[in-house]
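**Student:** Below is a structure I'd like to ask you about.
The values are calculated or read from the model by the stated rules, or taken from the named source; none is laboratory data. From a predicted model like this one, the values you see are computed outputs, not experimental measurements. All Cβ positions, even for glycine, are placed from backbone atoms using ideal geometry, and neighbour counts span all protein chains on display.
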Amino acid sequence: MAQWVENATPEVEAQSQYVTIITICIVFSVLSVTIVSMRLWVRQSARGLAADDILAALSMVFALVYSILCILRKYREPRDGIRALARGPPC
C-alpha cells in the first residue's frame, strides 16, 4: 500500500490516522449528499426550490470538493525557490 505521508519513517506512518480521516470524509460526504438530496426533493415537490435550497446544494458541492482534496492530499517537497527562502538570505 502507498504511504499516506511521502518519505515518512515507519514510526510516523504507524502514528498516522489516515484511515480515520478517510473514513470520516467518506461517511460525512455520503450523509451530506443524502440529506441535501432529500431536502431538495421534498422542497421541489412541496413548493419549488428557493435561493436557500440552491445555496444548500452549492455548499454541499464545496464540502464534497474539500473532502476529496483531504483524501487526495499528498505532502510534496517544496520547490527550489521556496527551499532557498526557507534557508534565509546568504550571510
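**Student:** State whether one or more residues within segment 29-47 are of a type in the set (Phe, Trp, Tyr), more than 13 Å from the chain's Cα centre (by Cα) and either at pLDDT 95 or above or under 26 Å from residue 18 (Cβ atoms) (or both).
**Tutor:** There is at least one residue in segment 29-47 that is of a type in the set (Phe, Trp, Tyr), more than 13 Å from the chain's Cα centre (by Cα) and either at pLDDT 95 or above or under 26 Å from residue 18 (Cβ atoms) (or both).
**Student:** Of the residues that sit in segment 48-57 and are exposed (fewer than 11 other Cβ atoms within 10 Å of the Cβ) and within 26 Å of the chain's Cα centre (by Cα), which one is nearest to residue 31 (Cα to Cα)?
**Tutor:** 55
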